[in-house]
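To start, the structure itself, in structure tokens.
The values are calculated or read from the model by the stated rules, or taken from the named source; none is laboratory data. Keep in mind that this is a model prediction, so the values were computed, not measured. Cβ atoms come from the backbone with ideal geometry, glycine included; neighbour counts cover every protein chain shown. Accessible surface areas use protein heavy atoms only, side chains included; no ligands, DNA or RNA. Shrake-Rupley method; radii C 1.70, N 1.55, O 1.52, S 1.80 Å.
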Amino acid sequence: MIIKIQTSEKSNGNKGSSTAFANYLEKEDLAMEREAFDKGELPMPRAGFFSQENDGIMRNDVIQAIDTNKKGLGRNASKFYGISIAPSQKEQQHILKNMTGRNIKSIQELTNKEQKQYEAVLKEYSKLVMTEYAMHLKRPGLNDGSQLVYFGKVEHSRTYRGSDQEVKSGLAKSNSIKPGLNSHVHVIVSRKDKDMKLKLSPMTEDKGKEKKCITNGVPTQRGFDRNLFNIKAEAIFDKAFNYKRELNEKVEYRIEATKDPIKNSQIKLTSDNNRKQQLQQELINQYDSRNSYLKDDKNLSQNIKPVIEKQKNNELSI
């Protein structure tokens with residue numbers, strides 16, 4: 001699971017209107033429309049965006065909601081942020097196996113009904129992540145995604161960039177579609193809460209576990225630990241989809257492996273599985289120690305129920 005939070009060059013660091021970003025997030029819809037027109041067919045209606053409460057929200061309504069939710073923000077302040085929620089291919093295969101009973105390797109293998117069910121599952125997971133995002137900001141009274149102004153869009157394809165190794169080595173062309181399962185969710189979230197009382201920034205680097213500041217007369221924690229948020233998003237996935245995550249899939253492991261290449265090489269050369277898991281756990285413990293994480297720091301702020309449930313008639317309940 002990869003969670004990225006960023007500003008966008010397409011929107012001047014998100015200091016102005018969200019129009020460019022919202023337009024960008026409709027690129028797959030536009031591509032499907034062009035394909036339908038090229039075949040002489042009528043295109044399917046655009047899927048639109050989703051929020052914590054609604055689905056099928058049109059782009060202009062998204063832009064209006066984000067651009068007007070900025071009371072108290074200065075001219076040069078970011079007005080919104082982009083969040084990408086990207087399950088790994090293995091995680092996607094796990095979801096689709098539970099849904100269909102088949103080993104799915106490409107989105108094209110799904111029926112239209114199955115694809116809509118899959119998109120519904122990704123949306124429900126994203127809503128859980130956005131509630132955790134709200135709680136992770138650690139602001140008094142902010143405890144649910146419904147208190148945020150955000151909109152999400154499910155995408156199913158990724159393209160190669162010129163910087164990708166496959167392009168550099170001549171195995172793929174820039175802008176060509178990547179193979180395999182590449183479904184992910186883009187979220188655009190306002191800097192202000194729905195009541196426009198709180199300024200919410202996930203970009204502050206200060207983790208500030210013991211550092212407090214005063215907001216509206218109330219002591220609050222400063223900073224937003226993005227890596228810890230990613231760790232929690234993985235934990236939500238594991239609980240929501242009954243996923244047995246291996247140690248080398250964990251955020252902590254992936255980060256620390258790049259920080260300690262010697263131990264990472266030692267792990268790769270270890271053939272004994274028990275010894276390998278012991279070394280992997282040591283690397284995770286090393287990450288926790290370096291970041292002063294206690295066990296409770298990784299606890300989720302919400303109870304997670306299964307997103308997918310099979311009914312007696314083999315229909316999915318989402």
Quiz item: Using beta carbons and a limit of 8 Å, which pairs, at least six apart or on different chains, have the first residue in segment 93-111 and without any contact (Cβ under 8 Å) to a residue 60 or more places away in the chain and within 21 Å of Asn242 (Cβ to Cβ) and the second one open to solvent by 90 Å² or more (accessible area, probe 1.4 Å) and assigned to a loop (DSSP other than H, G, I, E, B)?
Solution: Lys97/Asn103
Self-check item: One residue from Glu132, Glu119 being modelled with pLDDT of 95 or more and either aromatic (Phe, Trp, Tyr) or over 18 Å from Pro202 (Cβ atoms) (or both)
Solution: Glu119
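Here's the yes/no breakdown for (1) open to solvent by 20 Å² or more (accessible area, probe 1.4 Å); (2) under 27 Å from Ser84 (Cα atoms):
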site	(1), (2)
Arg226	yes, yes
Phe229	no, yes
Ile236	no, yes
Arg245	yes, yes
Ala257	no, yes
Lys268	yes, no
Asn274	yes, no
Gln281	yes, no
Ser292	yes, yes
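Residues Gln64, Gln89: which one is over 14 Å from Val149 (Cβ atoms) and open to solvent by 50 Å² or more (accessible area, probe 1.4 Å)? Steps first, please.
Values: Gln64 fails: over 14 Å from Val149 (Cβ atoms).
The match here is Gln89.
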Quiz item: Can you pull out the residues in segment 55-91 that are touching a residue at least 24 places away in the same chain (Cβ under 8 Å), within 21 Å of Asp29 (Cβ to Cβ), in a helix (DSSP H, G or I) and of a type outside the set (A, V, I, L, M, F, W, C)?
Solution: Arg59, Asp67
Exercise. Tell me, please, whether a residue that is surrounded by 15 or more Cβ atoms within 10 Å (Cβ to Cβ), assigned to a loop (DSSP other than H, G, I, E, B), within 16 Å of the chain's Cα centre (by Cα) and at pLDDT 95 or above can be found in segment 146-163.
Key: no
